[in-house]
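Bear in mind these aren't lab numbers, they're just calculated from the coordinates by the rules spelled out. Predicted model only: the values in this text are computed from it and were never measured. Glycine also receives a Cβ, built like all others from the backbone with ideal geometry; neighbour counts cover every protein chain displayed.
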Amino acid sequence: MNFTNFRARIPAINSWLLAGVFFSIPLTVAPAYWFSALILILWLIEGRYSAKLRALGAEPLVWIFAAYYGVFLLSLLWTADLEWGRRMSGRQGFFLLFALYFSVARREHFGRYVSAFLLSIAMCELLAFYNWAQLNVWPDLPEGIRVEKGADDTAPFVDRMMYTPALALAGYLAGYRLLFDARGIGQRVLYAGLILATTLNLLIAGGRAGLLGFLVLLALLIFQRCARRPLLAGVLATLLAGGLVAGGYFGSDYFRARVDAGIDEVVNYEQRVDSSMGLRIVYALNSARMIAESPWLGVGIGDFEAEYARINAQHTPDWTPIYNPHNQYLYAQANAGIAASLLLLAVLFFPLLRRGPVDGRQRIRLALPVLFIPICLFESYLMRSNLSLMYVLFLAALWTGARERPA
């Protein structure tokens, strides 16, 4: 094969490598960086820079995501702790890679990307079921692949904070294929089985924000399937969400304990020092105090930890300080001010409100923002590497090749 033929084949090679990045989402994030580096090298070898840059320049999300990353980088100018600031800025790095992913994704291969993600999730679910059995039923089994974050974590590679939102999206995608794409009884059984496995994984994983996101996406899926009968969709969504929560509550001691503990920690948070939900309330209160002191520019991305420790010592000295407020909206405002908050709203709501073509991906385009908008109230998910990758990567594949409809 000569060099010219090799360059001609680079788009197809890069599309397979991009599928590898999708496969990496619920795993450790290192393979995603390796795949991305190789994609970039091949992208540079391929050439055609003028055409590529014109396509990137015409895509609004390229500019929005780059600006979102840039505003945190800019906040280093008023950051005292530059080393920590550079480290925290790197957590937003996948927003810069959106342009690369958008450039190499191929609309005709979107099904391949979804399949790679679902295959990876299915593998993680099997490992998680084994871990649950080893922890709760057969303790003499050999210890499985399990993240070393908590004694009750069943996820194999990342903790439940990052695992369960990925499960939520996988459940939606499996449901979408079952309702809209499946052909034949074999495919329907496959996707129904994946939905069931995903639901059970969510219940044993214990990630409350991820479960909330899953219920929201199930409601979205039902409304999309029953688009002409919104009243029926509302009844079905309510019954299904209520049934899943009730089934989990009465059918799983672990799930019931997590729910009961969460309610108790919210109601009595002042007496439950350093409880999971209590900490989130205290994080929000202290972050609000920080924002009140630096409302326009924020404290700078490198100084949140130090500023929070100062405010925490003044107002809630018995509580453990933190480096992020576990709320993406507070995170943006506290670190980089009004500009970061406005850009965060653009990152989340522009893909939700943007009009696109009816091209087979139009329903799925809503799923990413619908998932992240509510769960970002409970964690700074867009600075969590695996989930910022998931958000950026899926939006790149969903919007590549799309054309805005005229107003």
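Normalised by the number of residues in segment 37-184, the average gap of Cα pairs under 8 Å and 6 or more apart makes the relative contact order 15 percent.
Other residues with beta-carbon under 15 Å from the beta-carbon of ILE45 carry, at +1 per Lys or Arg and -1 per Asp or Glu, a net charge of +3. Computed over segment 49-130, the alpha-carbon pair-distance distribution with 5 angstrom bins reads 3, 12, 15, 13, 14, 14, 13, 9, 5, 1, 0, each value a whole percent.
Using the Cβ of ARG188 as centre and a radius below 15 Å, the other residues enclosed give a net charge of +2, where K and R count +1 and D and E count -1. Based on the Cβ-Cβ distance from VAL358 to ARG183, what FRET efficiency comes out when R0 is 30 Å, to the nearest 0.05? That gives a FRET efficiency of 0.90. Per-residue Karplus couplings for segment 196-208, computed as 6.51 cos²θ - 1.76 cosθ + 1.60 with θ equal to phi - 60°, are listed in order as 4, 4, 5, 4, 5, 4, 4, 5, 7, 6, x, x, 6 Hz, Gly and Pro entered as x. Ellipsoid fit via the Cα gyration tensor, segment 221-360: semi-axes of 35, 27, 10 Å, each the root of five times an eigenvalue, largest first.
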